[in-house]
Structure formats: C-alpha cells, structure tokens
Amino acid sequence: MKSLQLDGSAGGGQMLRTALSLAMVTGQPFRMTNIRGKRSRPGLMRQHLTCVKAACEISGGTADGAEIGSTELVFRAGKARAGSYQFAIGTAGSTGLLFQTLLPALWQADGPSTLRLEGGTHNPLAPPFDFLERVFLPTLQKAGVQADLSLENAGFAPAGGGAITATVYPCDKLSPLDLATRPEATRTRIRVMTRHLPLSIAGRMLDAALDVIPCKDAAVESCEPGPGAGVCCLVESEFDGLRELTSTFGEQGASAEKLGHRAAKLMQDFIGCGAPVGRCLADQLLLPMALAGDGRIVTMSPDAHVPTNIAVIERFLPVRFRVHDGERGTKVIEVVSA
C-alpha cells in the first residue's frame, strides 16, 4: 500500500499522534516530513519518539527515522494486538497524550489490554490526568468506549516520575456523539495539588480561585512523597452528566494568586459561553467522531489544533468536517459524508 505523504510543518506533535492512531486503526502507512517544523526545537522529542515506539509494539509495526531530532518518519502499522504493555517516556512528557495515541487501536483489538505509562501526569502542555479521567473518558463512554484509568503517582514538570495505569476494552462500533446543548452547572469543585512546596503557596492559589468561583467543595491535596516539586490548580464543573475541567500549573515568575485566578477564570469563561464542550475536549473528540462517521459538538471558538487535526484525519478517513458559527460566539463542528 502506498504511503500517505504528510507535511508536519503546519502543526506540532498532535499531527504525528493523530497520524499514528489512524495508521494503526486503518492500516494505512504514512510518511511525515518537516515534523514539528515551526517549533523552536523541531523534530521528534522523547515524548513523540515514545509514541512511535509504543505504536510499533502494539501494532507490530515498523518505523524509519525513529530517533531523537528526526524531522522525517515513515510508519507502517500491523494489526493492533491486545496485551499488557508498559512504556516509559523518561521525561515529564505527557503520559496522557501517549494514552490517547494508543487508545483507538486498543479499543479495536480482540480483547482487553492493560497499560502502564511513566512520565508526566500534570504538566502545562497537555491535559492533566484528572481531565482524562473525569472529562475525556466519560464523554467517550457516551460513544461506547470503555476504559478505566488510574493515577499511580503524580509527575510534575520538569521532574516527571509519574505513572498511570489503564485498562482498555474492545469496542466493535462507535456511536455518534451529539453534544449540542448543555444543562446548567450542578456542581463545581476546586483542588490544588502540591508537592515539596510550602502549603502557604497552595493555600494562596486556592483562595484566589475561590475569589472568582466561590464553592464549598475546595481543598489542598499533598502529593508527597514523590519526585520533584510542583503545584497545580484544577477547577471542575459538572453539568448533569457533562463535565469540564480547567487547570493551571506552577511556572517561574507567576504568582500563586495569578495561577489560581487564571484556572477559575477559564472555567468562568466556559460556563458563560454556554457550550457543552471545552476547547481541549473538542480537539480530542475529532478522531472518535470521524471513526464513528457521524456526530456533532458545540464548543468555544477552537484553537489552532482543530484545523490541523482535521486536515490529518481527512487524509486517512472518508469523512469531512464542517465548522460553522453557533449561538453566542460558539462553534459547531460536524462530521459529514465525504
């Protein structure tokens, strides 16, 4: 089978992860050039290389150019095999993004699979573990996907050292998602996770978040013992079965108050827009929607990941997406027949 030719310069690692997922699902090989071409450090980083190697192991595939810094990759997948797998990124690279790369292939395998993934679980460049467990997987469950996810140990950037475990069950056919309306919020909770930092920092972060969104369910949670220092603020709201989670992470030069305020303000903006699907979740639902061959979601104005992700998906699958304006500044994303 002739390889698809993909230009990776238009986006970042998400283009590669989507291509890997779809190559494993469809059996379509691909050649990607200019991988992460516009990034300050182009080419494969360790977290991307781990995704490639994991995809090879799970599908019995092969990859040319699978090395750190490579800007070109040829990937040929075999058939995804159920099994017990363990992969270590070796840095604070996201275990969640690795999990999402492998998930579609494993739900099409012929039996349950288990994963143990080591690396970062709470870092600023990827959805935290809590988002995957509380928002992403419950939404996929509406489409028929069954997977369990648990946190073994939190891993903050830059130390990493975290681990998650997952069990993925076979799914013969996906049901289309139709997430067009959102009920009123029924519950909000705010948590600040911290490790190897004064509790006063976490307390100030929590207080700043509560100034924006007052709620009774609020707490500081210590993640000790574990490697490296870190802190993050997680704001979760539930809407009668739908959820959204916003987050901020400790960074040099940003005060605890600023980070707590930002996490809560992100949630406040989401609640105010009236959409049932947040920006991050919208991007992550594109591939399941395409594999189902139908679906509709209403979201906030999407970020740059959405068009680049759509472009990759439409190269692999006989579907087309339509993005158009909704009410109150929202966007409607639909899967239509090719």
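Rule-based calculations on the coordinates, nothing more; no lab input. Bear in mind the structure is a predicted one, so any value in this text is a computation, not a measurement. As a convention, Cβ positions derive from the backbone with ideal geometry for all residues, glycine included, and neighbour counts pool all protein chains shown.
Short-range pairs are left out: with C-alpha atoms under 8 Å and at least six residues apart, the relative contact order of the range 1-78 is 33 percent.
With a cut-off of 10 Å between beta carbons, the residues surrounding Arg182 carry a summed charge of -3, where Lys and Arg count +1 and Asp and Glu -1.
From the Cα gyration tensor of the range 1-78, with a ≥ b ≥ c the square roots of its eigenvalues, which class applies: rounded if a/c is under 1.5, or else prolate if a/b is larger than b/c, or else oblate? It comes out prolate by the Cα gyration axes. Helical runs (DSSP H, four residues minimum) scored at -39500 (n - 2.57) apiece and divided by the length of the chain put the mean residue ellipticity at 222 nm at -10000 deg cm²/dmol. Subtracting the Cα-Cα distance of Ser200 and Val74 from their residue separation scaled by 0.36 nm leaves 40.4 nm.
Taking a straight line from the alpha carbon of Lys142, these aspartates and glutamates sit under 16 Å away, with near neighbours fewer than eight places off in the same chain left out: Glu133, Asp172, Asp178, Glu238, Asp240, Glu244, Asp294. For the pair Gln146 and Arg81, a Förster radius of 25 Å applied to the C-beta separation gives a FRET efficiency near 0.85, rounded to the nearest 0.05. Modelled label positions at Val336 and Ala254, each set 7 Å beyond Cα in the direction of Cβ, lie 3.8 nm from each other.
Evaluated with a Cβ-only charge set (Lys, Arg +1; Asp, Glu -1), the range 80-172 carries a dipole of roughly 100 debye about its Cα centre, given to the nearest 20. Placing unit charges on the Cβ atoms only, positive for Lys and Arg and negative for Asp and Glu, gives the range 214-284 a dipole magnitude near 220 debye about its Cα centre. Label 7 Å along Cα→Cβ of Thr186; the range 107-144 residues with amide nitrogen under 18 Å? The answer is 134-143. If R0 is 30 Å, what FRET efficiency do you get for Asp207 and Thr114 from their C-beta distance, rounded to 0.05? About 0.15, to the nearest 0.05. For Leu242, nonlocal amide neighbours, meaning residues 5 or more places apart or on other chains whose placed amide H falls under 5 Å from its own, do not occur.
Considering only alpha-carbon pairs that sit under 8 angstrom and 6 or more positions apart, the relative contact order computed for the chain is 13 percent.
One Cα centroid belongs to the range 1-68, the other to the range 241-269; the line between them spans 31 Å. Looking at Val335, Gly69, Ser255, which one has the Cα that reaches farthest to the positive end of the dipole of the chain (charges on Cβ: Lys, Arg +1; Asp, Glu -1)? Of Val335, Gly69, Ser255, it is Gly69. Spin-label model, Cys215/Ser175: points 7 Å from Cα along the beta carbon direction are separated by 2.7 nm.
In this simple spin-label approximation, Asp303 and Glu327 carry label points 7 Å from Cα along the Cα→Cβ vector, and these lie 2.8 nm apart.
Neighbours of Met193 by Cβ distance under 14 Å: Lys/Arg scored +1, Asp/Glu scored -1, total -1. Take 10-20, 140-150 and order them by the average number of nearby Cβ atoms within 10 Å per residue, most first; the result is 10-20, 140-150. Overall, the anisotropy analysis places the range 15-140 in the oblate class: the square-rooted eigenvalues a ≥ b ≥ c of its C-alpha gyration tensor yield a/c not less than 1.5, with a/b not exceeding b/c.
Beta bridges from DSSP with both residues in the range 80-172: antiparallel share about 65 percent, rounded to the nearest 5. Note on Ser222 and Phe239: the extension gain reaches 3.4 nm, defined as 0.36 nm multiplied by sequence separation minus the Cα-Cα distance. Overall form of the range 187-273: prolate. Here a/c, set by the Cα gyration tensor axes a ≥ b ≥ c, is 1.5 or more, and a/b is the larger of a/b and b/c.
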